[in-house]
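Okay, so here's the structure we're looking at.
The values are calculated or read from the model by the stated rules, or taken from the named source; none is laboratory data. Values in this document were obtained by computation on a predicted structure and should not be read as measured data. Virtual Cβ from ideal backbone geometry, glycine too; neighbours counted across all protein chains shown. The area values use the complete protein model at the heavy-atom level, side chains included, leaving out ligands, DNA and RNA. Shrake-Rupley method; radii C 1.70, N 1.55, O 1.52, S 1.80 Å.
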Amino acid sequence: MDQQPRTDDRFRVRILRRWYHGCWVLFGLCPPVIAVHDRIDATKYATWALVAVLAVTYFVLRCFPGNPLVRPSGFLWVLVLVLGGTAILLDGGAAFFIVSLPMFWIYSTTQRQAIGFIGAAAAVTLIGTFTGTPFSPGNVVFTLIGLAGGVLLGLWMDRVLEQGEERARMLGAELERTQSELAAAHQRQGAAEERERLAREIHDTLAQGFASIVVLAEAARAGLETDPVASAGQLLSIERTARENLTEARVLVGPAPTGGVVSGGIAPALRRILDRFVEDTGLVVDAELHDVGCDQRTRIALVRCAQESLANIRKHAGASTVSIVLAEGASGPELEITDDGTGFSPIAARGFGLNGMRARLAELGGELTVTSAPGEGTRIFAVLPADDRT
């Protein structure tokens, strides 16, 4: 990307050079040939021979740039000699000299070399003009004007090109600096997104598991003397939850987390979660679970939404019954969880759980709708678009 401006400039320069080469062939090589075509003396054939040598040298250089026979400096020396020769044969060659001036700047490696060749070409052109019969002062004037104009204009164009190259280097350096800053910003953004993802996964898995362990441990401790059988069951639930949390922790720190213990169909996964929920809370749960087809990410998102919703019901709702429905909707899988608890105001809610569910569903193109009011229970409705990767 940082080379684009220089590439475009060089492309335009190549186009201009091609136009100039065409004009040079048309207005430089052709006029001397045409000027002597009706003459019958040696001037005709000498002029044609000089132009032919120059044309062959030029086309070899153009078609075979790396050839060992015709180098750029060699071509320029041939051009100087032909300019002098045609000036002698045609009693002046100011026009041919002026048309050929850019050649010296194109094929010279330094400014000094270009100016030296232009000076030599002007000198031989003036010599040819002075030796011509009749003498043409106009050719002398135009040759001197061409000499001054060619040198000054060439120096100015060289300066413009140098400034363009310098600007291109500065722009390239600035672009590289901007790209480095952008890459660093992307890296910071990626780190922030990864932290947010881990925070959401921890909240939806480990934190819920630890909260369940705390509740079960408190209940088991309270019933150790009065109901040891129930306490034993609660201790078993604590052990099972701890093992599941350990598995989740290993997945989260693994190289490619895919959602932890969620595996198989979504309906069986939700049923296991509901069984644990009923076992831990004793609430009545009415479940209607259809094993809809969905990919792993969709399955994980819906299971996490169910886990978060049930955790909120257990901690905040004070409900007696819970209903959960999983079905295939018109646009994709739909999950609805309702309870008859105390309810709340969704507008005033600022919990991490709801925001995390919304963010998780939004990443997959889904949507979360929360309907609730104080004293009227709560309805959580999650919908995700259909996915062909089942």
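What the table shows:
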quantity: Flag for THR298 being open to solvent by 60 Å² or more (accessible area, probe 1.4 Å), among the hydroxyl-bearing types (Ser, Thr, Tyr) and not in a loop (DSSP other than H, G, I, E, B); calculated: no
quantity: In the range 110-148, residue modelled with the lowest pLDDT [restricted to those that are open to solvent by 70 Å² or more (accessible area, probe 1.4 Å) and within 13 Å of LEU90 (Cα to Cα)]; calculated: THR133
quantity: Enumeration of residues in the range 27-39 that are in contact (Cβ under 8 Å) with a residue 40 or more places away in the chain, part of a helix (DSSP H, G or I) and open to solvent by less than 50 Å² (accessible area, probe 1.4 Å); calculated: GLY28, PRO32
quantity: Within the range 40-69, considering residues that are open to solvent by less than 50 Å² (accessible area, probe 1.4 Å) and not hydrophobic (A, V, I, L, M, F, W, C), the one modelled with the lowest pLDDT; calculated: ASN67
quantity: Any hit, the range 376-383, residues being at pLDDT 85 or above and in contact with a Pro (Cβ under 6 Å, 6 or more places away or on another chain); calculated: no
quantity: Residues (in a helix (DSSP H, G or I) and in contact (Cβ under 8 Å) with a residue 40 or more places away in the chain) located in the range 278-295; calculated: GLU279, ASP280
quantity: Verdict on THR281 being hydroxyl-bearing (Ser, Thr, Tyr), surrounded by 14 or more Cβ atoms within 10 Å (Cβ to Cβ) and in contact with a Leu (Cβ under 7 Å, 6 or more places away or on another chain); calculated: no
quantity: Number of the condition not met by TRP24 [criteria: (1) within 20 Å of LEU147 (Cβ to Cβ); (2) assigned to a helix (DSSP H, G or I); (3) over 45 Å from the mean Cα position of the chain (by Cα)]; calculated: (3)
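This table checks each residue for (1) closer than 21 Å to GLY119 by Cβ; (2) among the aliphatic types (A, V, I, L, M).
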site: ASP41; (1), (2): no, no
site: TRP48; (1), (2): no, no
site: VAL53; (1), (2): no, yes
site: LEU61; (1), (2): no, yes
site: PRO65; (1), (2): no, no
site: LEU79; (1), (2): yes, yes
